[in-house]
Structures are given as structure tokens and as C-alpha cells.
1. Considering T9, T22, which residue is in a helix (DSSP H, G or I), among the polar types (S, T, N, Q) and within 26 Å of Q145 (Cα to Cα)?
2. Condition test on V74, is it under 24 Å from Q145 (Cα atoms), within 25 Å of the chain's Cα centre (by Cα) and either at pLDDT below 90 or surrounded by 15 or more Cβ atoms within 10 Å (Cβ to Cβ) (or both)?
3. Regarding E15, is this residue assigned to a helix (DSSP H, G or I) and modelled with pLDDT under 90?
4. Among the numbered criteria (1) surrounded by 15 or more Cβ atoms within 10 Å (Cβ to Cβ); (2) farther than 15 Å from E83 by Cβ, which one does L31 miss?
5. Among F107, F116, F90, F122, which is surrounded by fewer than 16 Cβ atoms within 10 Å (Cβ to Cβ) and aromatic (F, W, Y)?
6. State which residue is modelled with the highest pLDDT when the search covers only the range 176-186 and only residues that are of a type in the set (G, A, S) and more than 21 Å from the chain's Cα centre (by Cα).
7. Among the residues of the range 76-114, count how many are within 13 Å of T46 (Cα to Cα) and in contact (Cβ under 8 Å) with a residue 12 or more places away in the chain.
8. Going through the range 129-175 one residue at a time, which ones are over 22 Å from the mean Cα position of the chain (by Cα), hydrophobic (A, V, I, L, M, F, W, C) and surrounded by 14 or more Cβ atoms within 10 Å (Cβ to Cβ)?
Amino acid sequence: MAPSNQPFTLRSILEKDKLNGTNYADWISNLRIVLRAEKKEEILDTPLPQEHADNAPATEKNAYKKACDADLEVSCLMLACMEPDLQLQFDNNHAAHDMIVALNDMFQTQARTERFNVSKAFAETKLAEGAAVGPHVIKTVGYTQRLEKLGFPIGPELATNFILVSLPPSYGNFIANYHMHGAEKGLNELCGMLKTAEADIKKGAGSSHVMAVQNKPKFKKKGNSLEEEKGQG
């Protein structure tokens with residue numbers, strides 16, 4: 001069986017989009033994806049250990065050398081995937097963790113500004129009456145994914161609340177039923193339910209039955225009729 005070239009395939013992502021001073025959030029996200037696939041992501045978050053004394057056991061010296069070799073590979077990858085102007089900020093003796101700390105300090109203002117702009121767009125995004133709900137949900141979910149890349153993850157419950165708040169009055173019945181039944185759906189499932197509600201709204205049927213279908217009661221047969229099952233007291 002031919003050896004896998006997955007690391008080289010993934011590393012091409014970094015080579016195509018080198019760090020240039022304006023794309024740090026995307027670059028660091030891609031770097032972590034590549035290193036996670038190679039099982040080396042922890043190198044970014046772990047400072048190199050202190051070098052052992054000359055009389056240290058051979059096992060400790062070997063472990064230190066192994067850590068240095070792995071760190072050197074990651075730091076060289078980082079340098080190779082930067083534009084030349086940024087490469088000059090570092091030398092070949094910088095450990096990978098030290099480089100990440102320096103880059104975070106260098107670009108934290110840029111990241112903070114982008115977080116503000118994305119958060120603002122996320123909060124202000126509203127679905128116009130009659131507009132398609134599917135693209136709207138995809139757009140809002142995109143904002144949550146972008147914020148996560150920028151180090152500001154939005155939990156699923158808060159993301160759901162933002163989406164529901166962004167809907168026009170015609171979705172009022174859907175929102176009320178969603179909360180009434182305590183539904184805890186994923187964002188993809190919520191999008192599907194909203195598309196169903198959208199179709200009902202266009203037909204003038206309202207959207208209250210969407211939740212009724214999702215939370216359909218159980219019935220048992222009694223004679224020639226159906227009787228809703230009741231819990232035992």
C-alpha cells in the first residue's frame with residue numbers, strides 16, 4: 001500500500017494562503033488543522049522544556065532532543081508559510097510556542113476589531129418579511145463559525161436565540177411553539193424546521209403544527225376510536 005501523502009496535501013493549504021498580516025485568524029486556524037492531523041498541535045501551546053544538565057539520564061536527554069526536533073519542524077513550517085516581511089520578525093532559534101505568543105500579541109488588535117465587526121453584523125442581521133429563510137440561517141451560522149475562528153465561540157443555545165430573534169413577525173407562532181415545547185435542536189435541524197414553517201406561512205397555514213409533528217403524542221386504540229395515552233398518576 002502506498003504511503004499516505006495527507007500531511008503534504010494539508011500543508012498545501014498553508015502554502016497557498018501564507019500569513020501576510022491581514023489573515024492571521026484564518027492562518028492560525030489552518031495551521032492548527034494541519035498540526036492536529038499530524039498529531040503535533042500541542043507543540044503550539046507547550047513551551048519547550050528546560051535543557052537537562054550534562055549528568056541527566058540518557059532517557060531524559062533523548063526525550064528533550066525529540067521535543068526539540070518536533071518543535072523545530074513546526075517552527076520551520078510556520079516560517080515557510082509566512083510572507084518574507086513577517087519571516088524577518090523571527091529567527092531560526094524561535095520555538096513554535098514563542099512564535100505563537102509573539103504573533104498573538106502582534107495581531108490581537110486586528111482580531112479584536114474583526115470580532116467586533118462580525119459580532120455587530122451577527123446581531124444586526126434580520127430576515128425581511130417574505131425573504132427565504134434558508135440562506136438567512138446559513139449566513140447567521142457562518143457568523144458563529146467566524147467568531148469561533150476568532151477565539152470567541154458562540155454556544156448552540158445562544159446561536160439559536162440569535163436566529164430566532166432575527167426572524168420577522170410571521171414566524172411568531174413558530175418561535176412560541178419552539179420555546180413552549182422546550183425543543184433542543186441542532187442548528188441544521190432548526191434550519192430544516194424553519195424551511196417547513198416558511199412553506200406553511202406562504203400557504204397561510206401558520207407554523208404551529210411543525211412542533212406538533214416534532215412532539216407527536218402517543219395514542220392507544222380503544223374500540224373503534226383512538227384515545228390519547230395518559231401517564232399513570
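1. When all the criteria are applied, what remains is T9.
2. No; evaluated as a whole, the condition is false for this residue.
3. Here the answer is yes, as E15 does meet what is asked.
4. It fails just one condition, (2).
5. Every option except F116 fails the conditions.
6. The residue in question is A176.
7. Looking only at that region, the number is 6.
8. Result: L167, F174, I175.
The values are calculated or read from the model by the stated rules, or taken from the named source; none is laboratory data. Not measured: the values here are computed from a predicted model. Note that each Cβ is placed from the backbone with ideal geometry, even for glycine, and that neighbours are counted across all protein chains shown.
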